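The values are calculated or read from the model by the stated rules, or taken from the named source; none is laboratory data. All values derive from a computational prediction rather than experimental measurement. All Cβ positions, even for glycine, are placed from backbone atoms using ideal geometry, and neighbour counts span all protein chains on display.
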Ligand code: SAM
Ligand code: SF4
């Protein structure tokens with residue numbers, strides 16, 4: 001029997017929604033009187049907040065459990081497996097890894113404190129229930145999250161792409177109520193957040209009973225004093241409404257960045273994936289978004305080697321990459337997931353073919369990302385400082401286009417500062433603190449947006465004082 005834990009560590013893997021859930025589990029445990037274990041210290045309770053999206057991610061949990069169970073020089077901690085592996089594998093987890101004390105799914109983690117008590121009393125504790133939305137009402141108040149804070153507004157998915165486990169692990173698509181989201185945003189701002197990132201598996205599918213959509217939510221957040229930036233992720237092409245596209249033209253705090261996964265450039269593959277868009281309809285959306293916000297940084301997700309994908313179909317993916325010109329992207333080899341229709345399809349693509357396709361795709365996306373960063377050099381823009389850099393006096397912040405920028409500065413984390421972008425690499429840029437904005441203008445995003453003419457919306461050259 002393991003004693004009641006006094007310290008904990010939450011390790012989150014996978015998507016930003018897991019990061020949000022991990023923060024909320026930490027808040028729950030703190031509300032119970034436990035404290036986060038210090039850097040490098042052994043925690044009494046370790047929560048592995050897992051990801052099931054690809055096989056590699058799902059298998060990683062078992063090596064982590066093995067390491068924890070044989071912790072050198074100390075007793076094994078109480079081990080909780082949370083997240084999508086917990087939901088998908090349930091009671092199978094302690095059967096395969098008997099060191100596990102608690103299994104808790106993503107819709108049941110509000111019960112974590114009770115499960116910890118049950119485990120401390122000597123029982124093994126399991127909860128993979130899926131009560132819609134009840135967890136949010138049962139969570140304690142938000143605590144300080146740093147300058148950029150995640151806020152989950154929508155969960156689950158009804159789209160059933162044939163390769164994807166999300167509809168099974170996260171359940172049906174649900175939207176949190178408007179008022180609860182705005183209240184949580186206010187609490188985050190009161191605790192120092194300058195940026196809020198609205199999260200959902202299909203965040204742009206957010207709706208409420210009054211027929212409000214994500215654009216209405218964004219406009220409500222835009223009105224909150226103290227908030228400087230709004231982002232949202234991940235979107236589905238099928239839910240990219242005219243109102244949301246218009247918000248990119250009209251809402252000053254909405255950052256010029258859109259993550260819109262396409263997955264493939266081949267219409268046959270998209271159909272087999274059960275995606276509701278074609279390559280052409282996706283390109284039309286990008287065109288409309290760029291008309292609304294010409295400087296927008298477009299990012300996407302890709303899967304190579306979906307069952308039956310031919311060379312020509314893969315070339316169609318390279319063609320859509322060339323047509324869109326991405327600022328950033330995530331690309332994956334197809335991973336068959338148990339229980340999904342694609343896992344049963346004939347003609348699984350051999351591993352070496354997938355490897356070769358992924359390399360070619362990533363080379364192309366990497367060139368585009370570097371070109372996007374290089375095209376930013378010479379611009380003056382605003383930077384939200386988020387964390388320390390490696391060198392003394394250096395901080396790392398995010399540009400409006402979600403680029404990481406290194407800056408030597410006397411400013412503090414959480415400050416929004418003016419910066420000249422002076423050099424660029426594939427993954428980050430270097431900036432120089434900009435002493436002034438254009439004459440007569442204040443600092444910050446408002447100044448940036450006002451002074452840019454629509455043809456030149458990616459920042460501007462700074463006028464020296
Ligand atoms: N809802 C978003 C959408 O529809 O585009 C994506 C959310 S999903 C959690 C994140 C990404 O994981 C997907 O866009 C897809 O590229 C990738 N993914 C999902 N299932 C996968 C699988 N079986 N194999 C490889 N990649 C996968
Ligand atoms: Fe998965 Fe996204 Fe498709 Fe839903 S829409 S099934 S989350 S890839």
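Please go through the range 282-307 and pick out each residue that is surrounded by 16 or more Cβ atoms within 10 Å (Cβ to Cβ) and under 24 Å from residue 356 (Cβ atoms).
Listed by number, the residues that qualify are 299, 300, 302, 303, 304, 305, 306, 307.
Could you list, in sequence order, all residues of the range 341-381 that are exposed (fewer than 14 other Cβ atoms within 10 Å of the Cβ) and touching a helix residue (DSSP H, G or I) at 6+ places or on another chain (Cβ under 9 Å)?
Selection gives nothing.
Quick check on my filter: what residues within the range 286-305 are at positive phi and either assigned to a helix (DSSP H, G or I) or modelled with pLDDT under 95 (or both)?
Scanning the range 286-305 gives no hits.
When the range 241-275 is examined, which residues are found to be within 28 Å of residue 221 (Cβ to Cβ), at pLDDT 95 or above and not in a helix (DSSP H, G or I)?
Scanning the range 241-275 gives 241, 251, 253, 254, 255, 256, 257, 258, 259, 260, 261, 262.
Taking the conditions exactly as written (closer than 21 Å to residue 400 by Cα and within 14 Å of ligand 2 (Cβ to nearest atom)), does residue 200 satisfy them or not?
Criteria met by residue 200.
Of (1) in contact with a helix residue (DSSP H, G or I) (Cβ under 7 Å, 6 or more places away or on another chain); (2) touching a residue at least 40 places away in the same chain (Cβ under 8 Å); (3) under 24 Å from residue 334 (Cβ atoms); (4) crowded, with 19+ Cβ neighbours inside 10 Å, residue 228 satisfies all except one. Which?
(3)
Could you please find all residues in the range 170-185 being under 18 Å from residue 109 (Cβ atoms), more than 16 Å from ligand 1 (Cβ to nearest atom) and crowded, with 19+ Cβ neighbours inside 10 Å?
176, 184
Within the range 402-416, which residues are surrounded by fewer than 22 Cβ atoms within 10 Å (Cβ to Cβ) and touching a strand residue (DSSP E or B) at 6+ places or on another chain (Cβ under 6 Å)?
Scanning the range 402-416 gives 402, 404, 406, 408, 409, 411, 413, 415, 416.
Would you mind finding the one in 238, 308 that is in a helix (DSSP H, G or I) and within 15 Å of ligand 1 (Cβ to nearest atom)?
238
Collect the residues in the range 124-169 that are within 11 Å of ligand 1 (Cβ to nearest atom) and closer than 29 Å to residue 189 by Cα, keeping them in residue-number order.
Those that are within 11 Å of ligand 1 (Cβ to nearest atom) and closer than 29 Å to residue 189 by Cα: 154, 156, 157.
Pick from the range 322-334 the residues that are crowded, with 16+ Cβ neighbours inside 10 Å, more than 13 Å from residue 161 (Cα to Cα) and under 21 Å from the mean Cα position of the chain (by Cα): which of them is farthest from ligand 1 (Cβ to nearest atom)?
327
Could you please tell me which pairs satisfy a Cβ distance under 6 Å, a separation of 6+ or placement on different chains, a first residue in the range 200-221 that is within 20 Å of residue 169 (Cβ to Cβ) and free of Cβ contacts under 8 Å to residues at least 12 places away in the same chain, and a second residue that is within 15 Å of ligand 2 (Cβ to nearest atom) and not in a helix (DSSP H, G or I)?
Hits for this filter: zero, empty list.
Residues that are in contact (Cβ under 8 Å) with a residue 60 or more places away in the chain and within 15 Å of ligand 2 (Cβ to nearest atom), at least 1 per element: which helices (runs of 4 or more DSSP H) completely within the range 79-175 meet that?
83-89, 166-169
Only one residue in 193, 220 is more than 16 Å from ligand 2 (Cβ to nearest atom), at pLDDT 95 or above and in a loop (DSSP other than H, G, I, E, B), so which one is that?
From the options 193, 220, the qualifying one is 193.
Filter the range 365-415 down to the residues that are within 21 Å of residue 293 (Cα to Cα) and in a loop (DSSP other than H, G, I, E, B), then identify the one that is nearest to the chain's Cα centre (by Cα).
402
Would you call residue 231 at pLDDT 95 or above and either assigned to a helix (DSSP H, G or I) or more than 16 Å from ligand 1 (Cβ to nearest atom) (or both)?
no
Out of curiosity, is residue 421 in contact with a helix residue (DSSP H, G or I) (Cβ under 7 Å, 6 or more places away or on another chain) and touching a residue at least 24 places away in the same chain (Cβ under 8 Å)?
Considered against the rule, which asks whether it is in contact with a helix residue (DSSP H, G or I) (Cβ under 7 Å, 6 or more places away or on another chain) and touching a residue at least 24 places away in the same chain (Cβ under 8 Å), residue 421 comes out as yes.
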